[in-house]
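Report on one structure; see the data block that follows.
All of the numbers you see were taken from the coordinates with simple rules; none came from a lab. As the structure is a prediction and not an experimental result, all values here were calculated from the model. For neighbour counting, all protein chains shown are included, and Cβ atoms are generated from backbone atoms with ideal geometry for every residue, glycine included.
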Amino acid sequence: MIDDIIRPQLGIIGGLGPLASADFYFKLTRMTQAFRDNEHVPAVILSVPQLPDRTEAILAGHDEPLAPLKAAVSTLNALGVACIAMPCNTAHHWYGQLAANSRADIIHIGDAVVAETRRSLDPGRVAILATQGTLVSGFYQNRMSAAGFEFCLPANAEFQQCVDSAISLVKAGSIADAAVETERALDIAQAAGADAALLGCTELSVVAASLNDVN
């Protein structure tokens, strides 16, 4: 049993990848309206970088990441957290199974992103920069469509190549090079008629501040 004095309110399934988790916690801290330490959100980060690759699993049609993801959810529930955040878009492919086995609420990244998009943008054509696994899962396309947005996927094969390269570069710690690849993908999306772009991978969020022009 964890002592109530230090019981976390928020559980974070991290390590998917590590820089994305660090970026999430940094943004959580910066966006919290607090003037002293004890006004911040009590949280615990469970970093599980050893999980099998989520995109590889989705494309191959198996659920190998699901068991360790369930174990992570179970561990955070045992700590008594009220809600769980998972700063990995692709892992939300298994959201239904994870939420069904969790006492704590699990925040769906797609719901949060679409809600913010509706507040920030008029309906239009949105390009989604995401892993192939996230795109195959389809949760962004379904939610964006329901919110009145049109999904724009450039036919140019270089688009997804740039996105995949940017994600891999962030995981390798090459942020400047990842920003270049992301900007190339954004240029291709704009040429294809996209009105806005959604950075649908938490690795890409790491490079957002380095981009010249992101809608």
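Values as computed for the structure displayed
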| quantity | calculated |
| --- | --- |
| Degrees between helix 66-78 axis and first principal axis of the chain (Cα, 0 to 90, nearest 10) | 40 |
| Under 5 Å, built H, 5+ apart or other chain: amide partners of E150 | G124, R125, V126 |
| Nearest 10 degrees, 0 to 90: helix 157-171 Cα axis against the chain principal axis | 30 |
| Backbone HN-Hα couplings from phi across segment 189-205 [Karplus 6.51/-1.76/1.60, Hz, Gly and Pro as x] | 5, 5, 5, 7, x, 6, 8, 7, 10, 10, 7, x, 9, 5, 4, 5, 4 |
| Using a Förster distance of 22 Å, the FRET efficiency for N77-V41 (Cβ separation, nearest 0.05) | 0.80 |
| Fraction of the pair-distance distribution of the chain above 24 Å, Cα-Cα pairs, percent | 44 |
| Amide hydrogen neighbours beyond the local backbone of G14, cut-off 5 Å, H modeled | L46, S47, V48 |
| Dmax and Rg, reported as Rg then Dmax, of segment 4-107 (C-alpha, Å) | 14.1, 48 |
| Cα-projected label distance for R119 with Q132, points at 7 Å along beta-carbon direction, nm | 3.5 |
| Rotationally averaged projected area of segment 110-210 (alpha carbon convex hull; nm²) | 5.8 |
